[in-house]
Amino acid sequence: MTVTNAAPIVTRRHGLPEAWTLKSYLDNGGYTSLRRALAMPPEQITQEVLTSNLLGRGGAGFEAGRKWGMLRKAQPVYLVVNGDESEPATFKDHMLLENDPHQLIEGVVICAYAIGAAQAFIYVRGEFALAQERLQAALNEAYQHGAVGEDVFGSGFTVDVVVHPGAGAYICGEETALIESLEGKRGFPRIKPPYFPAAIGLYGAPTVVNNVETLSNLPWIVENGGAAFAALGQGRSTGTRIFSLSGHVNRPGNYEVEMAKTTFRDLIEHYGGGVRNGRQVKAFIPGGASSYWFGPESLDMALDQDVVGKAGSMLGSGAITVMDDQTCMVRAAWRITKFFNRESCGQCTPCREGSGWVEKVMRRIEEGAGREEDLDLLVDVLDNIAPGLSWPPQQTTICVLGPSIPSAIMSGLRMFRDEFLVHIKEGACPYG
Amino acid sequence: MRLNAENVQRARDLIAIYPRPRSALIPILHIAQEQDGWLTEDAMEHVAELLGLTSAEVYGTASFYDMLFTEPVGRHLVSICTNIACLLNGGYELLEHAEETLGVKPGGTTPDGEFTLEEVECIADCGRAPCLAVNWRFFGNVTNDDFDTLLGDLRSGALRETVPPHGTLNRVRRDLTAWAGGVPAAQAARQQVEAKWAAAPPPVSSPAPATPPTPPPPPGQAPAIKDDRGERQPASQPASEQAADQAATVEDKGDTAK
Ligand SMILES: Cc1cc2nc3c(=O)[nH]c(=O)nc-3n(C[C@H](O)[C@H](O)[C@H](O)COP(=O)(O)O)c2cc1C
Ligand code: SF4
Ligand code: FES
């Protein structure tokens, strides 16, 4: 991990020898926050998290403390941890699970105590074999240590934590699809309302769904107080956050930096070592495949959820992909479109049919067999999926996978229309 | 093949962990796939019996997920990512090289049953693009030469420890002694906690959110639901927990992009 102006929080133990073992965790201050938390009334923990203004790190950026406060007052309550990370170019939870599983477990038990959950399920993307092994091994150790299970550290609080494997489906990262999957069914998103997890979640019970990175922040927040977290960053974007940097940079990787005080340029040039082979940034994707792209003129924008939102895109899953001046934008947009087409669960017509259509048209253009009318056709079909093609998108589908489909193609069309036309007119790609 | 005695026991242990047996379905299917390398009809039928489901329900769920195979696969499932970060770093060139070397297209298996090749979506190792996984063990920054070496090592068995046969996912079992008395004790504890809750409301009393704005109604028509790709049922909702009316007032903009 690279040093940031603010010391890292969730990745602070990465790189220590065997950081994933209980011994290493305890040697480095592990599970002291949990002891402290169990001596506090549960409401006080929620209050600290509200003060910290910790925003969800899974993609939607909703305040964690507020989410906990919205639980329908009924029992039982469940905690579900979203470790399904599959948004293209996002690879931070994968790293957190493999390198510091105890930190997540500590965060999970703190959260379960705060919301009064007796059982928590950590849904780990099926493909993450090593992460599942490390997490299960850590959990076994945590039980033996008394940090999970019956009467945690003699406090009278009891919680069972389960590592649950997924089986390969992007859509299961969507929280209601994840719940369906956890119930042993196909991962079909549920209609909201009424199926907001806080009201009707797992087995119909009120449920908190939080991302792995979100919960991994809790031990630090309990240790240092919500105000210390809120002192980092600016506005609503508090604390530090992991950004997954990929694409044409010299040093791709995960970098935990202070939010709002760091810019895209800092991340790409300082941390990422700049664009490879001395080339220039042609465009970059600021928040995962679902987000609208930015050009080099936006490099000095702050990594601030609201600033990026106002500029017409999102920080989303914290995945930044850099494309250099030799990149074929038609091909890049096509590949992202192919992804959505493949991962659409098929419940909603505009998403299922629309994604198939635009993928075919994009492929045709990319292969040099496109027609000029295809550009209008693309816009027309996309407008049917997310009417108005605005940001944030209008939603006519059950979940936001559908409305995310236009981002890549519309970015390409708005920023690089010429390149589409060259493909069409010359029947070939200018970049070979 | 039906599950062997040891795997039946593992399945029973899993069922005991969850509040509802069906939640154990996917974990048990992974066990079946570990046993045979893929999901045979006999295994799915057996899993259905263990969970009190129909074979159709088991198959219907299994077929939704990319990692679960209802057809035979090679001993080594080679999954090459071509999504955006890998595309920018030669993912397609690597895939092409793999096709030529193995002599199969994505989805195909080599005649000796050693390798099945797949083109996959992002596998969350994009910092090391182009990357691939073999039986879900990850390899990053893979050059063509690396790929050839890897195939050799897989063939010779040099990587047997790091890359177990296809279907073997998590080799670390839940420690059943962690709860005094094993899993049944875990259940007992859960029931004890649930009983306590039934008596007194749970300690959730953080400040109520200021009356939240209801999310904007979808413009135009209601969500178009098409069910030709399988059963879509309203989420199961036990009678004791029916609260749709209250739910409608709860705002959780969880996923509304902002
Ligand atoms: C199509 C789709 C895929 C998603 N994938 C993930 C994911 O892989 N991991 C994740 O944490 N959240 C994902 N989300 C967001 C979750 O629905 C949910 O907002 C999040 O898990 C809540 O946790 P947080 O508030 O801590 O971020 C996805 C949402 C959608 C619509
Ligand atoms: S928008 Fe797409 S992925 Fe989401 S529920 Fe509808 S069809 Fe499924
Ligand atoms: S894009 Fe290939 S691993 Fe993420």
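The values are calculated or read from the model by the stated rules, or taken from the named source; none is laboratory data. Bear in mind the structure is a predicted one, so any value in this text is a computation, not a measurement. Virtual Cβ from ideal backbone geometry, glycine too; neighbours counted across all protein chains shown.
Observations
- Filtered by the rule that a residue be crowded, with 19+ Cβ neighbours inside 10 Å, within 10 Å of another protein chain (Cβ to nearest Cβ) and part of a helix (DSSP H, G or I), region A:35-61 gives A:Pro42, A:Ile45, A:Thr46, A:Val49, A:Leu50.
- Subset of region A:62-77 [buried (at least 24 other Cβ atoms within 10 Å of the Cβ) and either within 19 Å of A:Gly287 (Cα to Cα) or more than 12 Å from ligand 1 (Cβ to nearest atom) (or both)]: A:Leu71, A:Val77
- Of all residues in region A:54-84, those satisfying the criterion of being of a type in the set (A, V, I, L, M, F, W, C) and either within 18 Å of the chain's Cα centre (by Cα) or within 16 Å of ligand 2 (Cβ to nearest atom) (or both) are A:Leu54, A:Leu55, A:Ala60, A:Phe62, A:Ala64, A:Leu79, A:Val80, A:Val81.
- Residue within region B:62-71 that is more than 17 Å from the chain's Cα centre (by Cα), at the interface with chain A (Cβ under 9 Å from one of its Cβ atoms) and not small (Gly, Ala, Ser) present: no
- Screening region B:105-146 for residues that are assigned to a helix (DSSP H, G or I) and away from every other protein chain (no Cβ under 11 Å) and picking the one that is farthest from ligand 3 (Cβ to nearest atom) gives B:Asp145.
Condition check ((1) at pLDDT 95 or above; (2) more than 7 Å from every other protein chain (Cβ to nearest Cβ); (3) in a helix (DSSP H, G or I)) across all residues:
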position	(1), (2), (3)
A:Thr90	yes, no, no
A:Ile110	yes, yes, yes
A:Glu127	yes, no, no
A:Ala138	yes, yes, yes
A:Val163	yes, yes, no
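A quick yes/no check of all residues on (1) over 17 Å from the mean Cα position of the chain (by Cα); (2) surrounded by 22 or more Cβ atoms within 10 Å (Cβ to Cβ); (3) in contact (Cβ under 8 Å) with a residue 60 or more places away in the chain:
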residue: A:Pro194; (1), (2), (3): yes, no, no
residue: A:Asn217; (1), (2), (3): no, yes, yes
residue: A:Phe229; (1), (2), (3): yes, yes, yes
residue: A:Ile242; (1), (2), (3): no, yes, yes
residue: A:Gly247; (1), (2), (3): yes, yes, yes
residue: A:Ile268; (1), (2), (3): yes, yes, no
residue: A:Asn277; (1), (2), (3): yes, no, no
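- Residue tally, condition more than 16 Å from ligand 3 (Cβ to nearest atom) and either within 12 Å of chain B (Cβ to nearest Cβ) or surrounded by 23 or more Cβ atoms within 10 Å (Cβ to Cβ) (or both), over region A:342-362: 14
- Candidates A:Thr2, A:Thr21, A:Thr32 - the one that is surrounded by fewer than 20 Cβ atoms within 10 Å (Cβ to Cβ), in contact with an Asp or Glu (Cβ under 9 Å, 6 or more places away or on another chain) and at pLDDT below 95: A:Thr2
- You will find that of A:Arg186, A:Arg241, A:Arg251, A:Arg190, the residue that is under 20 Å from A:Phe91 (Cβ atoms), within 16 Å of ligand 1 (Cβ to nearest atom) and of a type in the set (Lys, Arg) is A:Arg241 and no other.
- In region B:62-88, residue farthest from ligand 3 (Cβ to nearest atom) [restricted to those that are over 24 Å from A:Thr327 (Cα atoms), β-branched (Val, Ile, Thr) and assigned to a loop (DSSP other than H, G, I, E, B)]: B:Thr70
- If the condition is being under 30 Å from A:Ile191 (Cβ atoms) and either touching a Cys at 6+ places or on another chain (Cβ under 8 Å) or acidic (Asp, Glu) (or both), then region A:353-385 contributes A:Glu353, A:Glu359, A:Asp380, A:Asp383, A:Ile385.
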